[in-house]
């Protein structure tokens, strides 16, 4: 008769650990996704083939450059030669967004005029 409580306890423990691992995997897989309601990083054009405009601050991590929008969203910039002169500055970036990779294929970067 003691086997039944032991099985229930083990099953409850396994299900709890599985749920914890699942929740952690979901959280770990989306480190840079922010609020979708922000207008600061929303592309100007809805079509994925048309260039979009993004505003934010250029950040550097080693040889890679990123754009951090006011909303906190972070996009990787694909061309360091365009981004290098604007390191740490507020800019307007024109390019195509690869949503899966969170990567902007840069066509133009210009200082942001307030």
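Would you check which residues across segment 60-79 are assigned to a strand (DSSP E or B) and free of Cβ contacts under 8 Å to residues at least 12 places away in the same chain and list them?
Within segment 60-79, 61, 66 meet the criteria.
Residues that are assigned to a loop (DSSP other than H, G, I, E, B), at pLDDT 90 or above and loosely packed, with under 11 Cβ neighbours inside 10 Å: does segment 80-93 have at least one?
Our first condition is that a residue be assigned to a loop (DSSP other than H, G, I, E, B); within segment 80-93, this holds for 87-89.
From what is left, the residues that are at pLDDT 90 or above are 87-89.
The next check asks that each one be loosely packed, with under 11 Cβ neighbours inside 10 Å; those that pass are 88.
Yes, because at least one residue in segment 80-93 is assigned to a loop (DSSP other than H, G, I, E, B), at pLDDT 90 or above and loosely packed, with under 11 Cβ neighbours inside 10 Å.
If I ask for residues that are more than 22 Å from residue 50 (Cβ to Cβ) and not in a loop (DSSP other than H, G, I, E, B), which ones from segment 94-114 would you list?
Pass one, segment 94-114, residues more than 22 Å from residue 50 (Cβ to Cβ): 111, 113-114.
Of everything in segment 94-114, just one residue is more than 22 Å from residue 50 (Cβ to Cβ) and not in a loop (DSSP other than H, G, I, E, B), namely 111.
Would you confirm, using the coordinates I've provided, whether residue 48 is at pLDDT below 75 and touching a strand residue (DSSP E or B) at 6+ places or on another chain (Cβ under 8 Å)?
On the way: at pLDDT below 75: yes; touching a strand residue (DSSP E or B) at 6+ places or on another chain (Cβ under 8 Å): yes.
For residue 48, the condition - at pLDDT below 75 and touching a strand residue (DSSP E or B) at 6+ places or on another chain (Cβ under 8 Å) - is met.
Could you check segment 94-106 and list, in sequence order, the residues that are surrounded by fewer than 14 Cβ atoms within 10 Å (Cβ to Cβ) and within 16 Å of residue 56 (Cα to Cα)? Working first, answer last.
Step one: list which residues in segment 94-106 are surrounded by fewer than 14 Cβ atoms within 10 Å (Cβ to Cβ), which gives 99-101, 105.
Selection gives 105 alone.
If you check residue 5 against the conditions, is it in a loop (DSSP other than H, G, I, E, B) and modelled with pLDDT under 90?
Against the criterion (in a loop (DSSP other than H, G, I, E, B) and modelled with pLDDT under 90), residue 5 does not qualify.
The values are calculated or read from the model by the stated rules, or taken from the named source; none is laboratory data. Treat the numbers as computed from the prediction; the structure is a model and nothing was measured. Please note: Cβ atoms are built from the backbone with ideal geometry, for glycine as well, and neighbour counts cover all protein chains shown.
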